[in-house]
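Remarks on the structure that follows.
The values are calculated or read from the model by the stated rules, or taken from the named source; none is laboratory data. Note that this is a predicted model, so its numbers are computed, not measured. Cβ placement follows ideal geometry from the backbone for every residue including glycine, while neighbour counts extend to all protein chains displayed.
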Amino acid sequence: MLDDELCSPPNLYIDGKWVHAAGGGTREIVNPADGSVLATIDEADRADAVGAVAAARAAFDTGGWPRTPVAERIGYLLRIAELLDAERDAMARIETLDTGKTLRESHIDIDDVIAVFRYYANLASTQADRLVDTGDPAVISRVVREPVGVCALIAPWNYPLLQMSWKIAPALAAGCTMVAKPSEVTPLSTIALVKLIDRAGVPPGVVNLIQSSGATVGSALTDTPDVDLISFTGGAQTGATIARTAAPHITRVALELGGKNPHIIFPDADFDSAVDAVLTGAFLHSGQVCSAGTRLIVHDTIADRFVAELARRAQRIRFGPGLDPASETGPLVSEQHRDKVEAYVALGISEGARLVTGGERPADPVLRAGSFYPPTIFDDCRRWMRLVQEETFGPILTVERFGTEAQALALGNDTAYGLAAGVRTADAALGERMVRALRHGTVWLNDFGYYTPAAEWGGFGRSGTGRELGPSGLAEYQETKHIWHNTAPTVGGWFADNDN
Ligand code: TXE
């Protein structure tokens, strides 16, 4: 059981007050490492969500936040970063218990979250209005940025705190007000973050927090003219539903919808570092990563040796509870999700892919209570297979082989998604041709999985619309306004004064 003041009930935060759900609903949050109940939290219904939107609307329309000088807002962001830093270990423990990821990963996530608050504080401080030369010396023409308004921020369960922070930090920096809804599977670290935002003194109504399933409260956040922007990270189907729901109100929608990410290995690539990068890319956080490199595309001449070495190394990956320092990766997030991953393994076999390693729940009695699943590799995969095309979001690596550069490129772009891709080669010219021709939002050359708050993150194609992080991640939360100021008005003379 998690007994942490940072997540204690009540768990809804509306207009600056911590409140229970009006209907008295609760939800049990389960530890995926052993199936135990970690916490019982408040579960909102639609009326709570409507109230949260109303609070954010009032704070935007009549409150001070959107009109607060940027320097003052930056102070809040830096204070939140400081508070996170002070609670770094507690936050990491909460994230590990709730998601199953290892403590080492959770610490990396929290450090990234702190960096994101600092990055947007710094970026907001450097934004200046743009003066435009109209050719008329009497006219001052300015392009200014203003907050977009009320934002609905909807996050998934794989990087709960990190993905919510990629939204909250720029929204605060821009002067928006917001309703945050974490995944109902992993709400605890977002509750803790909002406790720190409260401690930082952010005014009431600016940040509101709702806990519930998308089915219960989703439409209160997305089917309303009172929300100006929906920023969503999650599954492609849910993203499509949200885009449809928001369309009649012409609500702005930013979507990060995952991917099926190719990792292409040319024969001249350094063998050991390539094996290492493919393993990490595919099996980190048990593959529950939107940019996981779960589609290996490897040159014919090295493929057999490469797959054999991958299998040998994959079998040695130590999976176990995230709090155990010996664990290299943790369980899947829930029993339901493991069922889905297992169904993909059965599908792969039925499609004719060859199971090389994994593919069975662990026999170890200590692991049986949790939703663990071993690293699993399928060779002899074909591009038409659903196993190759669909996001399994689990520790499943598919292997396809290629002979020529053109074949590698065709396979690398043969996806409805377009979030991320990796290429490994010692040939700089080949590498440059590939990174430019691959249609993905992030492309790594001789590396995999890295990102930085200062560089944009998002996808081509079915991976979504809009960008998080970087300057574009702040621009999502800003409207652009052109102010034309004539300092010496005169008669324009377009229409004659017909009385004279
Ligand atoms: O996500 P959902 P699920 C992929 C991954 C996974 C699949 C489904 O393949 O197996 O998505 O996962 C909220 N209106 N990714 O079902 O449902 C929901 O409460 C408004 C990729 O868990 O998309 C949660 O807060 N909100 C992904 C959030 O949407 C709604 C990371 C995400 O849940 C809603 C996770 C509705 N109608 C899964 N329905 C990535 N891009 O990294 C649900 N929600």
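Only residues that are within 13 Å of the ligand (Cβ to nearest atom), outside any helix (DSSP H, G or I) and either buried (at least 24 other Cβ atoms within 10 Å of the Cβ) or of a type in the set (A, V, I, L, M) (or both): list them for the range 183-213, please.
Residues satisfying the conditions are V185, T186, P187, L209, I210, Q211, S212.
Suppose the filter is surrounded by 16 or more Cβ atoms within 10 Å (Cβ to Cβ), within 16 Å of the ligand (Cβ to nearest atom), under 24 Å from the mean Cα position of the chain (by Cα) and of a type outside the set (K, R); does E335 pass it?
Numbers: surrounded by 16 or more Cβ atoms within 10 Å (Cβ to Cβ): no; within 16 Å of the ligand (Cβ to nearest atom): yes; under 24 Å from the mean Cα position of the chain (by Cα): yes; of a type outside the set (K, R): yes.
For E335, the condition - surrounded by 16 or more Cβ atoms within 10 Å (Cβ to Cβ), within 16 Å of the ligand (Cβ to nearest atom), under 24 Å from the mean Cα position of the chain (by Cα) and of a type outside the set (K, R) - is not met.
Filter the range 109-133 down to the residues that are assigned to a loop (DSSP other than H, G, I, E, B) and touching a residue at least 12 places away in the same chain (Cβ under 8 Å) and list them by number.
Of the range 109-133, the ones assigned to a loop (DSSP other than H, G, I, E, B) are 127-129, 133.
The answer is Q127, D129.
Quick check on this structure: which one of V388, V435 is in a helix (DSSP H, G or I), in contact (Cβ under 8 Å) with a residue 12 or more places away in the chain and touching a Lys or Arg at 6+ places or on another chain (Cβ under 7 Å)?
Values: V435 fails: touching a Lys or Arg at 6+ places or on another chain (Cβ under 7 Å).
Exactly one residue qualifies, and that residue is V388.
Checking W157 against (1) outside any helix (DSSP H, G or I); (2) within 18 Å of V50 (Cα to Cα); (3) within 11 Å of the ligand (Cβ to nearest atom), only one condition comes out false. Which one?
All conditions pass for W157, except number (2).
Among (1) within 16 Å of the ligand (Cβ to nearest atom); (2) within 19 Å of the chain's Cα centre (by Cα); (3) hydroxyl-bearing (S, T, Y), there is one condition T224 misses while meeting the rest; what is its number?
Result: T224 fails condition (2) only.
Regarding T425, is this residue surrounded by 15 or more Cβ atoms within 10 Å (Cβ to Cβ) and within 21 Å of F271 (Cβ to Cβ)? First the steps, then the outcome.
Numbers: surrounded by 15 or more Cβ atoms within 10 Å (Cβ to Cβ): yes; within 21 Å of F271 (Cβ to Cβ): yes.
Answer is yes for this residue.
Which of the residues spanning the range 213-241 are out of contact with any helix residue (DSSP H, G or I) (no Cβ under 7 Å at 6 or more places or on another chain) and among the small types (G, A, S)? Spell out the reasoning first.
Going residue by residue through the range 213-241, those that are out of contact with any helix residue (DSSP H, G or I) (no Cβ under 7 Å at 6 or more places or on another chain) are 213, 215, 218, 228-229, 234-235, 237, 239-241.
Once the filter is applied, which keeps residues that are out of contact with any helix residue (DSSP H, G or I) (no Cβ under 7 Å at 6 or more places or on another chain) and among the small types (G, A, S), the range 213-241 yields S213, A215, G218, G234, G235, G239, A240.
Being more than 16 Å from the ligand (Cβ to nearest atom) and outside any helix (DSSP H, G or I), is that true of even one residue in the range 459-474? Explain how you work it out, then say what you get.
Start the filter on the range 459-474 by keeping residues that are more than 16 Å from the ligand (Cβ to nearest atom), which leaves 470-472, 474.
Next, from what is left, pick out any that are outside any helix (DSSP H, G or I): none.
No, there is no match, as no residue in the range 459-474 is more than 16 Å from the ligand (Cβ to nearest atom) and outside any helix (DSSP H, G or I).
Return yes when V150 is more than 16 Å from the ligand (Cβ to nearest atom) and at pLDDT 95 or above and no when it is not. Give the derivation first.
Numbers: more than 16 Å from the ligand (Cβ to nearest atom): no; at pLDDT 95 or above: yes.
No.
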